[in-house]
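For reference, the structure discussed in these notes is given below.
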Amino acid sequence: MAVANFGRKPGLQLDQGDQPIGLQDWATEILTSMQPVCAILDNEDADQPYSAALAQQRLLIQNPDLTASARILEGMTQTGQPFSRFALNKSAEHAQYFNRNKLDKTHTRQFDEMAKQSLAKQQEIESNKQIPFDDFLTQYFAQQ
C-alpha cells in the first residue's frame, strides 16, 4: 500500500532526555520494556492476548503504512476526499454494518446492565462533595 507522504518524516528524531533517538527506536524500546508486563497479564492464557497485541504494535512500528492513520490517508488519496467527507462516509459504513449485525439478546442485556451501573456510579460520584478545581490543583502540585 503506497501512502501519500502527508507529514510523515522517515528518520524522525526525538529528544529522550538530552539524547536524540529515532522514533522507531524509541517505540521499539518502549514495547520491549512492556513485554514482561504482558507476560504477567497473559499468565496462563493460551492465546497470550497481551503479548499478541504487543506483537501487532511491533508490526506497525516496522511498517508505518499499516497504521490506522496511514490507511485513512490512503483512502482519502484513493477517493480524492477531504478528511471530513471521508470520515462521514466511514461513519455511514459503520452504521450500516452495525444495523445489519445486531447484538444478540445476551450481549444486549449485558451492555444495558453495564450502562445502568455506569450511570449509577456517575450519579454517586457527582453527588459527593467536591473541592473547587483551584484547590484540587494546589493539592495536586503540592504532592509533586
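Every number here is computed from the coordinates shown, using simple stated rules; none is lab data. Quantities reported herein were computed from a predicted structural model and do not represent experimental measurements. Neighbour counts run over all protein chains shown; Cβ positions are idealised from the backbone, glycine included.
Local charge for LYS105 was computed over the other residues whose Cβ lies under 13 Å away, with Lys and Arg +1 and Asp and Glu -1, and equals -1.
Which percent of the Cα-Cα distances in the stretch 62-144 go past 15 Å? The proportion of pairs with Cα distances above 15 Å equals 78 percent.
Think of it as helices only: each DSSP H run of n ≥ 4 in the chain is worth -39500 (n - 2.57), and spread over all residues that comes to -22500 deg cm²/dmol at 222 nm.
Calculate the dipole size of the chain relative to its Cα centre from +1 charges on Lys and Arg beta carbons and -1 charges on Asp and Glu beta carbons; express the result in debye to the nearest 20.
On the way: 13 positive and 18 negative charges, 166 e Å.
That gives the chain a dipole magnitude of about 800 debye.
Think of the stretch 32-124 as having a plus end and a minus end, set by charges on the Cβ of Lys, Arg, Asp and Glu; of LEU73, GLN96, THR108, GLN96 sits farthest toward the positive end of this dipole. Taking trypsin sites (Lys or Arg not before Pro) as exposed when DSSP calls them loop (any state but H, G, I, E, B) and at most 11 other Cβ atoms lie within 10 Å, what is the longest stretch of the chain free of them, the sites themselves excluded? Value returned for the longest uninterrupted segment is 1-101. Helices in the chain that qualify as membrane-span-like (whole DSSP H runs, Cα extent of at least 15 Å along the helix axis, mean Kyte-Doolittle hydropathy of -0.5 or higher) are 23-42, 49-62, 68-79, 133-143.
Using Cα springs under 10 Å in a Gaussian network model of the chain, which residue among GLU44, GLU74, GLU29 shows the largest mean-square fluctuation? Ranking GLU44, GLU74, GLU29 by mean-square fluctuation puts GLU44 first. The stretch 77-114 and the stretch 32-74 have their alpha-carbon centroids 24 Å apart. Compared with the alpha-carbon gap, the fully stretched path from TYR97 to THR77 is longer by 4.8 nm at 0.36 nm per residue.
How much length is gained if the chain between ALA87 and THR32 is pulled fully straight, taking 0.36 nm per residue apart and subtracting their Cα-Cα distance, in nm to one decimal?
Numbers: separation 55, 0.36 × 55 = 19.80 nm, distance 3.36 nm.
Answer, rounded to one decimal: 16.4 nm.
Among [x] 8.2; [y] 15.6; [z] 7.6, which one is mean projected area of the Cα convex hull in nm² computed from these coordinates? After the calculation, the listed value that fits is [y]. Taken along the Cα-to-beta-carbon direction at a fixed 7 Å, the label points for LEU119 and ALA55 span 4.2 nm. For GLY22, the amide hydrogen comes within under 5 Å of the amide hydrogens of LEU14, counting only partners 5 or more places away or on other chains and with H modelled in the peptide plane.
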